[in-house]
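Engineer: Sharing a structure here in structure tokens format.
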Amino acid sequence: MTNDGTTSSGTTSSGTTSDRLSIDDLPVRDELKGQSPYGAPQLDVPVRLNTNENPYPLPEPLVARIAERVAEAARHLNRYPDRDAVELREGLAAYLTRSTGHPVARENVWAANGSNEILQQLLQTFGGPGRRALGFSPTYQMHDLIARGTGTGWSQGPRNADFTIDLDAAVAAIGEQRPDVLFVCSPNNPTGTAVDRATVIALYEAAQAVKPTLVIVDEAYTEFSHRPSLLELTEGRPLLVVTRTMSKAFGAAGLRLGYLAADPAVVDAVQLVRLPYHLSSVTQATALAALEFTDTLLGYVDRLKAERDRLVTELRAMGLQVTDSDANFVQFGEFADTHAMWQSVLDQGVLVRDNGVPGWLRVTAGTPEENSAFLDAVRTSLKELPQS
Ligand SMILES: *Cc1c(COP(=O)(O)O)cnc(C)c1O
């Protein structure tokens, strides 16, 4: 850009004239070339069930408490926030202890702007150039993208036909790929599949037998699961990290608050890469207010689990395949033309997610009314679209 406001180049790599450069015109890192940014469509339709958000807005008393806490924080915004987020980590540790029965202390907990930032800090610390991460696909696409973004190699191991982890194939992949970081997503996004305790222990041991490996158990959806959290597996396993978020069960995706629980040495290690004062005073104040309302917020979880189960039952009653779900979403299929199905449901005002798993779509459990609208739309689409 010149100082009279005009750009100096008007040609893109495709050769067409435009006053805008494209990414490919820039000397970006090789591993970013040809990539597209992560993001589900944010379309303005009546029923949005595509990003696994909680459909219930925060209750008014919590909104008032946030306003109070944020006002107090605002009085000190001339100062940097508590760099170590001590009070917040204590609150998160108390929540984990109470909800899992496994004692967690502030030293075991670290918090950041969404669990995606937690994952990024872990990869910056334990991954990086010359190192490799391994996950089991289909899984959360951000694991792959954060690996790439931190210069970490990415490999994927397969799953069984029912989307559970194939332990033998997983152990073989660990032996071949020799990962420095292993991702276990439970419940897994986008399939909804939970991983059992014994499998996680076996994966941890198989990985450590090859080389010291950080095992990240991504529990973004654990509050919706039929099974207990895997948090207690951190005991005696210093390289096992559990990551959590307030985006899903707590219904606070807009807050951007994620956290991890692990051995205190892991928490010390991420201090090497975290930006100073990364978690604003406003975020810390808001998250503390939300924690005061833990019981109210998690009160919606039971409702959502019931709705999730209703989606599974009704989709199966239509003759569709539905993957067993431990999350607040359901994977359903199998469609000869996945995109046509997605579009047909969208044309009826319901946005679901096409995660690129051939034949399958994913729907988030919304309010009972939203779910009914979704089920009606699928019924109509099944009648109208040619099936194979
Ligand atoms: C939604 C999600 C997250 C949460 O990301 P935030 O940055 O905390 O909003 C993490 N892991 C998985 C598997 C998810 O689906």
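The values are calculated or read from the model by the stated rules, or taken from the named source; none is laboratory data. Only a predicted model underlies this, so the values are computations on that prediction, with no experimental measurement involved. Cβ atoms come from the backbone with ideal geometry, glycine included; neighbour counts cover every protein chain shown. When the accessible area is computed, the model is the full protein with side chains, heavy atoms only, and any ligands, DNA or RNA have been set aside. Shrake-Rupley method; radii C 1.70, N 1.55, O 1.52, S 1.80 Å.
Engineer: Can you tell me which residue within the stretch 254-278, out of those that are among the hydrophobic types (A, V, I, L, M, F, W, C) and within 13 Å of the ligand (Cβ to nearest atom), is nearest to I66 (Cα to Cα)?
Structural biologist: Step by step, filter the stretch 254-278, then rank; the result is L255.
Engineer: Does at least one position in the stretch 70-84 carry a residue that is out of contact with any strand residue (DSSP E or B) (no Cβ under 7 Å at 6 or more places or on another chain) and within 16 Å of the ligand (Cβ to nearest atom)?
Structural biologist: Scanning the stretch 70-84, I find no residue that is out of contact with any strand residue (DSSP E or B) (no Cβ under 7 Å at 6 or more places or on another chain) and within 16 Å of the ligand (Cβ to nearest atom), so the answer is no.
Engineer: Let me ask something else. Can you confirm whether the stretch 250-272 contains a residue that is loosely packed, with under 15 Cβ neighbours inside 10 Å, within 21 Å of the chain's Cα centre (by Cα) and closer than 15 Å to A112 by Cα?
Structural biologist: Yes, the stretch 250-272 has at least one match.
Matching residues to (1) over 17 Å from the mean Cα position of the chain (by Cα); (2) farther than 20 Å from V200 by Cα:
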site	(1), (2)
I118	no, yes
G130	yes, yes
M142	no, yes
G151	yes, yes
P158	yes, no
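Engineer: What about F374, is it under 21 Å from the mean Cα position of the chain (by Cα) and not charged (D, E, K, R)?
Structural biologist: no
Engineer: So which pairs qualify, if the first residue must be in the stretch 170-192 and under 19 Å from I146 (Cα atoms), the second must be among the basic types (K, R) and open to solvent by less than 10 Å² (accessible area, probe 1.4 Å), the Cβ gap must be under 9 Å, and the two must be at least 6 apart or on different chains?
Structural biologist: N189/R362; P190/R362
Engineer: Shifting gears a bit: Looking at L49, L62, L58 in this structure, which one is closer than 22 Å to G299 by Cα and in contact with a strand residue (DSSP E or B) (Cβ under 9 Å, 6 or more places away or on another chain)?
Structural biologist: L49
Engineer: For I165, are the conditions met, namely being under 21 Å from the mean Cα position of the chain (by Cα) and on the phi < 0 side of the Ramachandran plot?
Structural biologist: When the stated conditions are applied, I165 passes them.
Engineer: Could you list, in sequence order, the residues of the stretch 238-253 that are outside any strand (DSSP E or B) and within 13 Å of the ligand (Cβ to nearest atom)?
Structural biologist: Across the stretch 238-253, the qualifying residues are M246, S247, K248, A249, F250, G251, A252, A253.
Engineer: In addition: For R362, state whether it is under 15 Å from Q321 (Cα atoms), crowded, with 23+ Cβ neighbours inside 10 Å and modelled with pLDDT of 95 or more.
Structural biologist: Yes.
Engineer: Right, another one. Just one of I216, I201 is within 27 Å of N160 (Cα to Cα) and part of a strand (DSSP E or B); which is it?
Structural biologist: Result of the check over I216, I201: I216.
Engineer: OK, next. Which is modelled with pLDDT under 95 and of a type in the set (D, E), of D263, D302?
Structural biologist: Step by step, each of D263, D302 is checked, and only D302 is modelled with pLDDT under 95 and of a type in the set (D, E).
Engineer: A further question follows. Which of the residues belonging to the stretch 79-114 are open to solvent by 20 Å² or more (accessible area, probe 1.4 Å) and of a type in the set (S, T, Y)?
Structural biologist: Y80, T97, S99, T100
Engineer: Return yes when V200 is surrounded by fewer than 24 Cβ atoms within 10 Å (Cβ to Cβ), of a type in the set (A, V, I, L, M) and within 16 Å of the ligand (Cβ to nearest atom) and no when it is not.
Structural biologist: yes
Engineer: Looking only at the stretch 41-63, count how many residues are without any contact (Cβ under 8 Å) to a residue 40 or more places away in the chain and open to solvent by less than 80 Å² (accessible area, probe 1.4 Å).
Structural biologist: The total comes to 1.
Engineer: Restricting to the stretch 214-233, name every residue that is crowded, with 23+ Cβ neighbours inside 10 Å and among the hydroxyl-bearing types (S, T, Y).
Structural biologist: Within the stretch 214-233, Y221, T222 qualify.
Engineer: Run E176 past the list (1) surrounded by fewer than 18 Cβ atoms within 10 Å (Cβ to Cβ); (2) under 21 Å from the mean Cα position of the chain (by Cα) and report the number of the one that doesn't hold.
Structural biologist: Result: E176 fails condition (2) only.
Engineer: Another question about this same structure. When you scan the stretch 43-56, do you find a residue that is basic (K, R) and at pLDDT 90 or above, even just one?
Structural biologist: yes
Engineer: Among T100, T125, which is the only one that is over 30 Å from T296 (Cβ atoms), assigned by TED's automatic domain parsing to the domain that holds S225, touching a residue at least 12 places away in the same chain (Cβ under 8 Å) and away from the ligand (no atom under 12 Å from the Cβ)?
Structural biologist: Only one candidate passes the filter, namely T125.
Engineer: Could you please tell me which pairs satisfy a Cβ distance under 8 Å, a separation of 6+ or placement on different chains, a first residue in the stretch 106-117 that is among the acidic types (D, E), and a second residue that is more than 8 Å from the ligand (Cβ to nearest atom) and at pLDDT 95 or above?
Structural biologist: Cβ pairs passing all conditions: E107/P264; E107/V267; E117/H278.
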